[in-house]
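> Handing you a structure now.
The values are calculated or read from the model by the stated rules, or taken from the named source; none is laboratory data. In this text the structure is predicted, and so the values were computed from the model without any measurement. For accessibility, only protein heavy atoms count, side chains too; no ligands or nucleic acids. Shrake-Rupley method; radii C 1.70, N 1.55, O 1.52, S 1.80 Å.
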Amino acid sequence: MKYYFIRDNILKEFDPKTKTAKTLTEDPVYAVRVAPNGKLLYATDSEVVLYDTTNMMTETVMRLSEPVESLELTFETKGSKPTDKTTDAGSGPDGDDETEETSPVYVYYTAGDQVVKVNQNDPTDKEIIEVAGATDYVVDPKNNVLFYVMFGQNIIREQPIGGEKTFIVRGAGKISSLKLDQEERVLYFTDYLNGEIRSYDLETEREVLIYAGLRNPEKINVDPSTG
């Protein structure tokens, strides 16, 4: 498992086995997220970039019209299965090629007290969610849940999104970043003041200290595919 964080607007990769951190790009970065394909999605002051950690290639996926404070990427089905599969010729009801509809990719980002949801391929498909006082957040679209950090010290679960709010972590030093492992149902977060990485199991409601003694970790990301 690898961890990704931002310090002084520089994107870093932390390897817990060697306990070393390396710089991935010298460009100023303000938010980072691991995409479903294992690549990194990060935001500069003007664009969202997809970064391949294997060959170190970058690709601009969307331009931004406002500063980004945190970033999420998720797939939503809207009644169709997410797939790129195309059937063989003649397999459709009329003998024509038949391509299944691909689910839209939604990018979530925060701007002030709002969480903005926008279709990567259709900027007019946009939704604004009001979240006053939030400093970071993660979206769980499968379960229609929003987790966010309130005033830097508390983590709140909003389920469904726009509905009931529940405190699940209280009184941390300063939570500077929050991420969710959707498969394992575990939240990971950094405590900037105490120099810690911690986790919260959503099933057992157990909070665990993972690493201590870090120097002011600002941003974190978790790549479950690396083990």
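> Tell me which residues come under 5 Å, amide H to amide H, from Ile210 once H is placed; ignore anything under 5 positions away on its chain.
Under 5 Å from the amide H of Ile210 lie the amide H atoms of Ile197, Arg198, Ser199, each far enough along the sequence or on another chain.
> If you don't mind, there's one more thing I want to ask. Which entries of Lys142/Lys219; Lys19/Lys179; Lys2/Lys126; Lys17/Lys117; Lys17/Lys126 have Cα-Cα distances beyond 30 Å here?
Lys2/Lys126; Lys17/Lys117; Lys17/Lys126
> Also: Which value, in Å² and to the nearest 10, is the accessible area of Lys174 when all protein chains are kept and the probe is 1.4 Å?
The accessible area of Lys174 comes to roughly 100 Å².
> While we're here: Per 0.36 nm of contour for each residue apart, how much would the distance between Glu218 and Asn143 grow if the chain were fully extended, relative to their Cα-Cα spacing?
Numbers: separation 75, 0.36 × 75 = 27.00 nm, distance 2.73 nm.
Taking Glu218 through Asn143 to full extension adds about 24.3 nm, to one decimal.
> Let me ask something else. Amide H of Asn216: which non-local residues (sequence gap of 5 or more, or other chain) have their own amide H closer than 5 Å, using H built in the peptide plane?
Gly195
> For a quick size check, give me the Cα extents of region 107-204 along its three principal axes, largest first, whole Å.
Projected onto its principal axes, the Cα set of region 107-204 covers 41, 27, 24 Å.
> Related question: Once phi is turned into ³J(HN,Hα) by the Karplus curve 6.51 cos²θ - 1.76 cosθ + 1.60 with θ = phi - 60°, what whole-Hz value does each residue of region 3-11 show in order, with x for glycine and proline?
Residue by residue, region 3-11 yields 10, 10, 9, 10, 9, 6, 6, 10, 7 Hz.
> Using only alpha carbon pairs under 8 Å that are at least six residues apart, calculate the relative contact order of region 155-227 and give it in whole percent. Display every interim value, and only then the final one.
On the way: 135 pairs, mean separation 17.5, N = 73.
It comes to 24 percent, rounded to a whole number.
> Report the gain in length on full extension from Lys17 to Leu193: 0.36 nm times residue separation, minus Cα-Cα distance, nm rounded to one decimal. Intermediate values should be presented prior to the final figure.
Values: separation 176, 0.36 × 176 = 63.36 nm, distance 2.37 nm.
Taking 0.36 nm per residue and subtracting the Cα distance, the gain is 61.0 nm.
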